[in-house]
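Colleague: Before I ask anything, let me first share the structure, which is written out below as structure tokens.
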Amino acid sequence: MTEDKNKLIINKSNKLFDECVEKYGESSSAVKWDNQQTQYLRFAELIKHIDINDSSKSILDVGCGNGELYKFLNFIGYCGKYTGYDINDKLLDVSRNRFENIDVRNIDILSNNLKDNPKFNYVVMSGIFNTSGLDEIVNDDAIKWCFAFIQNMFKLTKESLVFNAVSTFVNYRDKHIFYLDPIKTLEFCIVNLSPKVQLSHHKLPFNYTIAVHKSVDWKPI
């Protein structure tokens with residue numbers, strides 16, 4: 001994935017979400033979730049892989065947007081530390097206005113040097129691949145971008161990475177949504193990240209969740 005293509009995706013994403021914040025403010029529609037129930041169903045799938053009761057644990061929410069996952073975690077009693085990364089300043093301002101002392105930062109994990117970046121027990125991501133400008137580039141490059149993004153997220157975790165995407169196994173396609181093949185994604189994670197991978201393709205219509213757990217003694221070929 002070239003730097004130019006990454007900038008194209010970032011610019012398209014920022015334009016989209018700037019407009020959404022201007023139109024919808026603090027609502028879930030500002031992050032392209034017209035139905036908050038389905039947004040929370042996706043959150044519920046993510047946190048199945050997280051120990052919410054251990055105050056020593058930390059979560060990095062990549063693509064934190066307006067901080068809705070932070071609200072959800074507080075509602076279910078999460079006891080650990082929360083940090084959010086996003087590339088859109090307007091959404092980050094919304095999250096800071098909504099929640100006092102929330103720790104959110106403008107960081108692009110593809111262009112940022114992660115060598116000195118802190119690591120987190122859990123790294124989670126919900127929805128970034130759905131509407132992040134990937135429809136602007138050819139499919140093979142879009143897949144490479146997603147895989148590079150997944151690989152960099154995995155570098156930031158000490159225990160587990162959990163993320164979701166829209167499946168290619170659908171009977172209808174929206175031209176504004178990017179569909180990521182779950183079989184190719186699963187294979188990429190097993191070959192390049194860890195053999196300890198879980199794929200859930202049965203809980204939510206047309207969506208899937210993948211959890212990749214660290215394996216200390218395993219190295220990719």
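Colleague: So Phe75 fits all but one of (1) farther than 23 Å from Leu8 by Cα; (2) not in a helix (DSSP H, G or I); what number is the exception?
Modeller: (2) is the only condition that Phe75 fails.
Colleague: Assigned to a loop (DSSP other than H, G, I, E, B) and not aliphatic (A, V, I, L, M): is that true of Asp4 in this structure?
Modeller: no
Colleague: Something else: On the basis of being at pLDDT 95 or above and closer than 24 Å to Val212 by Cβ, does Leu41 make the cut?
Modeller: Against the criterion (at pLDDT 95 or above and closer than 24 Å to Val212 by Cβ), Leu41 does not qualify.
Colleague: Follow-up. Is there a residue being under 17 Å from the mean Cα position of the chain (by Cα) and surrounded by 18 or more Cβ atoms within 10 Å (Cβ to Cβ) anywhere in region 18-27?
Modeller: No.
Colleague: Something else now. Assuming Lys90 fulfils every condition listed in (1) touching a residue at least 60 places away in the same chain (Cβ under 8 Å); (2) assigned to a strand (DSSP E or B) apart from one, which condition is it?
Modeller: Every condition holds for Lys90 apart from (2).
Colleague: Suppose we filter region 176-221 for residues that are β-branched (Val, Ile, Thr), in contact with a helix residue (DSSP H, G or I) (Cβ under 9 Å, 6 or more places away or on another chain) and at pLDDT below 90; how many remain?
Modeller: The number of residues fulfilling the criteria is 2.
Colleague: For region 151-173, give me each residue that is out of contact with any helix residue (DSSP H, G or I) (no Cβ under 6 Å at 6 or more places or on another chain) and under 25 Å from Leu60 (Cβ atoms).
Modeller: Passing the criteria: Gln151, Asn152, Met153, Phe154, Lys155, Leu156, Thr157, Lys158, Glu159, Phe163, Ala165, Val166.
Colleague: Another question, then. In region 93-108, what count of residues is obtained for those that are assigned to a helix (DSSP H, G or I), surrounded by fewer than 18 Cβ atoms within 10 Å (Cβ to Cβ) and touching a residue at least 60 places away in the same chain (Cβ under 8 Å)?
Modeller: Residues meeting the conditions: 2.
Colleague: Let me ask you something else. Got a sec? Which of Phe163, Phe188 is out of contact with any strand residue (DSSP E or B) (no Cβ under 8 Å at 6 or more places or on another chain) and buried (at least 16 other Cβ atoms within 10 Å of the Cβ)?
Modeller: The conditions single out Phe188.
The values are calculated or read from the model by the stated rules, or taken from the named source; none is laboratory data. The structure presented is a predicted model; accordingly, all values stated were derived computationally and were not measured. Note: ideal-geometry Cβ built from the backbone for every residue, glycine included; neighbour counts use all protein chains shown.
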